[in-house]
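Just below is one structure, and these are the notes that go with it.
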Amino acid sequence: MVRLVGMLAGLSLMAAAMSPAQAQESFVVQGGSPVPNPAYLNTYVAQKAGFFAEEGLDVEVRYTQGAALATQLAASNSADIADVTFEPYLLGYSKGLRGKFIYSRYDQLIYWLAVPVDSDIKTAGDLAGKKIGVASMASSSMTVAKSLLRAAGIDPTNDMFLPVGTGDQAMAALAGGQVQALSLWDAVYGSLERAGHKFRYIYHPEVGDVSNGGFFASDQELSEKADALQRFLRAQVKARLFIKENPEAALQIYWEVNPAAKPQGTQEQAVATGLAEIAFKSALFNDDPVEKFGQYDLAKVQSYMDVLKAEGVFTEDLKSSDLVTNDLVAAASRVDPVPIREKARNWGK
């Protein structure tokens, strides 16, 4: 009998030791870009630093061509969560897309205008009669640009805009005079600045400080997998603490995921340029209290929704509470920062 009890105790210990690995739940994050980029830094750090594993999640990051498809994949439960902006969801609402944004990744609107730093264009009002380059004629940045121009007293027409892509093609159009300004988004500008280009930026006067995206989950996912979503967000909170404590370690993690992103030059030069890119307009480096990580300001979100509705993005009578929720953020922020910061400080040693 004693031997049997001992065997059972041993099996219980073995089961306890094995349970973390067995408990790893598959979880898919759907990105809205076709390749890795600094916008997903928080997720890369959560993955490589083991924060997802600590929360019992085996996370796979997938990529796709555009936020619209990523949103559809999450809304149809082909992914657990999408890392996207509001606009594709609001465009698809009338077609039956349903879900909510549960964690903000930004502290400002990711779309704004840019002109060369030595341009004569100083304000949005100076863009009358000018051409503006956009990634495509379907880009949400164009919608925001139109609203920005209206606020400056300019009646925007489609022929003011020219599709120029996002990289070398956009810069060639700007340098060649086909366009006098660009209307793109934060990650693209960060990449262009990394390449040595310098801009003067023009922001929307009314909604420039509104977060317009983050993590989106379908209604079904929220109903059936709320616990997994909360654990995913907790890992995101841990990763943000890690990044703030040791940005260079976060940069090395990013280069591990995306080796092509490492700049040319000496290691010192590469690190300086890389840190500037990952920190470019990023909320990850703000001194926010942990309990505020990921929270949406519902009044600001409503103001942005009003702008999009005025631009014809959607017609339904929606409130910000129909689009975003902070319900999962409070529990996700209940982490002990001390061991996370210690892990960050000792990373790579």
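The values are calculated or read from the model by the stated rules, or taken from the named source; none is laboratory data. Computed from a predicted structure; not experimentally measured. Note that we place each Cβ from the backbone using ideal geometry, even for glycine, and neighbour counts take in every protein chain shown. All accessible areas refer to the heavy atoms of the entire protein, side chains included, with ligands and DNA or RNA removed. Shrake-Rupley method; radii C 1.70, N 1.55, O 1.52, S 1.80 Å.
What the table shows:
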read-out	value
Contacts under 7 angstrom Cβ, first residue in the stretch 173-202 being in a strand (DSSP E or B), partner charged (D, E, K, R), 6 or more apart	A181/K130
Residue check for A46: at pLDDT 95 or above and part of a helix (DSSP H, G or I)	yes
Qualifying residue in the stretch 147-170 (condition: buried (at least 21 other Cβ atoms within 10 Å of the Cβ), within 20 Å of the chain's Cα centre (by Cα) and under 30 Å from D288 (Cα atoms))	no
R194, sole failed condition from (1) open to solvent by less than 10 Å² (accessible area, probe 1.4 Å); (2) modelled with pLDDT under 95; (3) farther than 29 Å from G92 by Cα	(1)
Index of the failed condition, E256 passing every other in (1) over 22 Å from E54 (Cα atoms); (2) assigned to a helix (DSSP H, G or I)	(1)
Every pair of residues 6+ apart whose Cβ atoms lie under 9 Å, when the first sits in the stretch 257-270 and is surrounded by 11 or more Cβ atoms within 10 Å (Cβ to Cβ) while the second is among the charged types (D, E, K, R)	V257/K48; A261/R194; A261/E277; P263/R194; P263/E277; A270/K262
Top-ranked residue of the stretch 330-349 - restricted to ones that are in a helix (DSSP H, G or I), modelled with pLDDT of 95 or more and out of contact with any Asp or Glu (no Cβ under 8 Å at 6 or more places or on another chain), ranked as surrounded by the most Cβ atoms within 10 Å (Cβ to Cβ)	K343
Search result, residues across the stretch 210-233 that are in a loop (DSSP other than H, G, I, E, B) and either over 15 Å from the mean Cα position of the chain (by Cα) or farther than 14 Å from D107 by Cα (or both)	K225
Pairs where the first residue, in the stretch 109-120, is more than 27 Å from Y304 (Cβ to Cβ) and the second is in a loop (DSSP other than H, G, I, E, B), C-beta under 6 Å, 6+ apart	V117/K198
Criterion: touching a strand residue (DSSP E or B) at 6+ places or on another chain (Cβ under 9 Å), closer than 28 Å to D322 by Cβ, surrounded by fewer than 19 Cβ atoms within 10 Å (Cβ to Cβ) and among the basic types (K, R) - qualifying residue of R62, R105	R62
